[in-house]
Amino acid sequence: MLFMCVTTSEPVNGNETMRKRLEKGRMFPGGVKVLGEWTVLSGAGGFMLVESNDPKALMDAARAWADVAKIEPFPVISAGEVLPKKQPRQASEEHGLRKEAVQAERVAEEGFAAV
């Protein structure tokens, strides 16, 4: 299962958080695979996409950082897994746009020959 781990730290802990990361690495236990990592430009946190089937391993990871940062794992799935695959015109019609609006969209896409 995928999790987006949101990490936040207080500005007073910023240097300590960075020092701990440089010295000890991520400190994520086995059973947690890191797929990507992004840092907030202010340095006060970041985002980490991880894969794990072991909730306890995620809890252990969060606990290892509790002295300097807060790690919150949120279960996620890709938007492509939940959004239906539809043609743009079909989606517009289903969202209640009038026929004229759909026709204007076609003109914009295909030119006046479409009308």
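Since every read-out is calculated from the coordinates, none of them should be taken as a lab result. Everything numeric here is computed off the predicted structure, so don't read it as measured data. Cβ atoms come from the backbone with ideal geometry, glycine included; neighbour counts cover every protein chain shown.
Odds and ends about this structure:
- Pairs with Cβ under 8 Å, 6+ apart, first in segment 33-45 and among the charged types (D, E, K, R), second surrounded by 13 or more Cβ atoms within 10 Å (Cβ to Cβ): Lys33/Val50; Lys33/Ser52; Glu37/Gly46; Glu37/Phe47; Glu37/Met48; Glu37/Leu49
- Candidate set: segment 1-52, residues that are more than 18 Å from the chain's Cα centre (by Cα) and among the charged types (D, E, K, R); chosen: the one nearest to Pro73 (Cα to Cα): Arg26
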